[in-house]
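**Student:** This is the structure I have questions about; it appears just below.
Quick note: the coordinates plus some simple rules give every number you see, no bench work behind them. All of these numbers come straight from a predicted model, not from anything done at the bench. Cβ atoms come from the backbone with ideal geometry, glycine included; neighbour counts cover every protein chain shown.
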Amino acid sequence: MAGTVSLSHVDGRDAAATVGLLDALPDGVVFADHNGTVTRMNSAAAKMLRVSDGIGKHLSDVVALQDRTGNTWYSCAEPYGGPTLRSALAEQSWYLSDGTELLLTARLCRSRPLGPTEEVVLSLRTSRARERLDRERSDLVATVAHELRSPLTGVKGFVATLLSRWDRLNDDQKKLMLATVNSDADRLTRLIAELLDVARIDTGRLSLYPRPLDFESAVERVLDSVRAGTGREIVLKASDTLPRITADPDKFVQVVTNLVENAVRHGEGLVRLTASPVPGGDPFTGVVMHVDDQGEGISPAIRSRVFTKFWKHGTRGGSGLGMYIVHGLVTAHGGTVEITDAPGGGARITITWPEDDRRLD
């Protein structure tokens, strides 16, 4: 049977070894010969199908699965009948009599094109992974809806007040409300941009337009912008021998902005940035930058979750997307991101940024 190993023709020690390998698989596997008689099945399949010993029984009796309307898998799939062009059956959901869902796919083995089915190989797995994915998607939708609703509520409230009480409000009150609406609109715009970046990172469709960039001046421009919106002290200490880096300017600004705003949000007191060339002897050339805050730090137990979507630490604001985007953008440029403890307490985020274009490495 071209392209397929038939366990029907394996004997002796080889058969025992093969069965041992099948039992090591997490998915259920069932083999049936040209008559529909089950010749091999692993322990995972027996457990999923609630069958103590299916060897020698007919496939329709062993794989007694139904759809929601009571149609059996065997009668619907017709593994030994139906179109002779088929070589496989796509994965579908089928159910045991107690309602347990299993995902089943099959390979139909033929020794010659358009010939009869000489062996059927079934693969079964539980739907737990898909259910977990469905829950994650539901959680994602709920989180996005919450993040969008919060600024929209503010916008709607102030606009409704302006419309209903315009003549009774003085210019200063109107200006304050409009400024708040503008701020909430900026927050919405940024959140939508972050969600689009997340989608591009997830699908590998992130567009980068890197060019040589002066690291220190680019970081200082970001710091000037962040300082304008906070009373916190933010300082940068950069080496005099920093090499130029290769980066998409907009994405680099986004990375540094997210790192600094995260340090401001979750720390207290001074936010310190230090930048120096990657130590000599490392084949990677570029800049290493540390961002230190004076907060309570990040426990090693949860550091692996910091770069996941919608991760939040503590009760302070933020969309929970910033660090996920930082990780995605830095690694897309060929750099690295790491979390450690800051020397003076708090968290330290370290990024390395390449001197050359390393996107194809």
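**Student:** Using the 10 angstrom Cβ neighbour count as an exposure proxy, how do Val255, Val63, Val306, Val159 rank, fewest first?
**Tutor:** Fewest-to-most Cβ neighbours within 10 Å comes out as Val159, Val306, Val255, Val63.
**Student:** Residues of segment 58-92 with amide nitrogen under 15 Å from the 7 Å Cα-to-Cβ point of Glu101?
**Tutor:** 66-69, 91-92, by backbone N distance to the label point.
**Student:** Still on this structure: Would you please classify the overall shape of segment 7-126 from the alpha carbon gyration tensor, given that a ≥ b ≥ c denote the square roots of the eigenvalues, rounded means a/c under 1.5, and beyond that prolate means a/b larger than b/c while oblate covers the rest? Don't skip to the end; give the middle numbers.
**Tutor:** Details: a/c = 1.83, a/b = 1.08, b/c = 1.70.
Oblate is the answer for segment 7-126, as a/c is 1.5 or above yet b/c matches or exceeds a/b.
**Student:** Also, quick follow-up: Can you tell me the Rg and the Dmax, both Å, for the Cα atoms in segment 211-354?
**Tutor:** Expressed in Å, the Cα Rg and Dmax of segment 211-354 come to 14.3, 42.
**Student:** Could you give P(r) for segment 113-152, binned at 10 Å from zero, as whole percent values over all Cα-Cα pairs?
**Tutor:** 22, 23, 17, 16, 12, 8, 2
**Student:** Which of (1) 18.4; (2) 23.1; (3) 29.0 is the computed mean projected area of the Cα convex hull in nm² for the structure on display?
**Tutor:** (3)
**Student:** If R₀ is 22 angstrom, what is the calculated FRET efficiency for the pair Arg68 and Lys47, using the beta carbon separation as r and rounding to 0.05?
**Tutor:** My answer for the efficiency is 0.40.
**Student:** Which number gives the lysine pairs in the chain that have C-alpha atoms under 29 Å apart and are eight or more places apart or on different chains?
**Tutor:** Here the count comes out as 9.
**Student:** Along the Cα→Cβ direction, 7 angstrom out, place labels at Lys174 and Arg149. What is the inter-label distance in nm?
**Tutor:** It is 3.3 nm.
**Student:** Charges only on Cβ, +1 for Lys and Arg, -1 for Asp and Glu: so what's the dipole of the chain about the Cα centre, in debye to the nearest 20?
**Tutor:** Rounded to the nearest 20 debye, it is 800 debye.
**Student:** Now for a different question. Taking only C-alpha pairs under 8 Å that are 6+ residues apart, what is the relative contact order of the chain in percent? Spell out each step's value before the answer.
**Tutor:** Working: 579 pairs, mean separation 37.0, N = 361.
Computed over the chain, the figure is 10 percent.
**Student:** Specify which residue in the list Thr336, Tyr324, Val256 is farthest towards the positive end of the charge dipole of segment 211-354, using unit charges on the beta carbon of Lys, Arg (+1) and Asp, Glu (-1), about the Cα centre.
**Tutor:** Checked the options; the winner is Tyr324.
**Student:** Then there's this: Could you give the size of the charge dipole of segment 21-161 about its Cα centre, using +1 on the Cβ of each K and R and -1 on the Cβ of each D and E, expressed in debye and rounded to the nearest 20?
**Tutor:** The dipole of segment 21-161 has a size of about 320 debye.
**Student:** Next question. As I understand it, the dipole of segment 131-203 uses +1 on the Cβ of Lys and Arg and -1 on the Cβ of Asp and Glu, about the Cα centre. Which of Leu188, Val155, Thr143 lies farthest toward its positive end?
**Tutor:** Toward the positive end, the furthest listed residue is Val155.
**Student:** Here's something else I'd like to know. Add -39500 (n - 2.57) for each DSSP H run of 4 or more in the chain, then divide by its residues: what number comes out at 222 nm, to the nearest 500 deg cm²/dmol?
**Tutor:** Taking each H run of at least 4 residues, the total per residue is -13000 deg cm²/dmol.
**Student:** Please give the charge dipole size of segment 240-361, origin at the Cα centre, charges +1 on K and R Cβ atoms and -1 on D and E Cβ atoms. Round to the nearest 20 debye.
**Tutor:** 480
**Student:** Could you run the Karplus curve 6.51 cos²θ - 1.76 cosθ + 1.60 with θ = phi - 60° over segment 203-219 and give me ³J(HN,Hα) per residue in whole Hz, x for Gly and Pro?
**Tutor:** Per residue, the Karplus-derived 3J(HN,Hα) values read 9, x, 10, 6, 8, 10, 10, x, 8, x, 9, 7, 4, 5, 5, 5, 5 Hz.
**Student:** In whole Å, how far is the Cα centre of segment 214-239 from that of segment 145-202?
**Tutor:** 27
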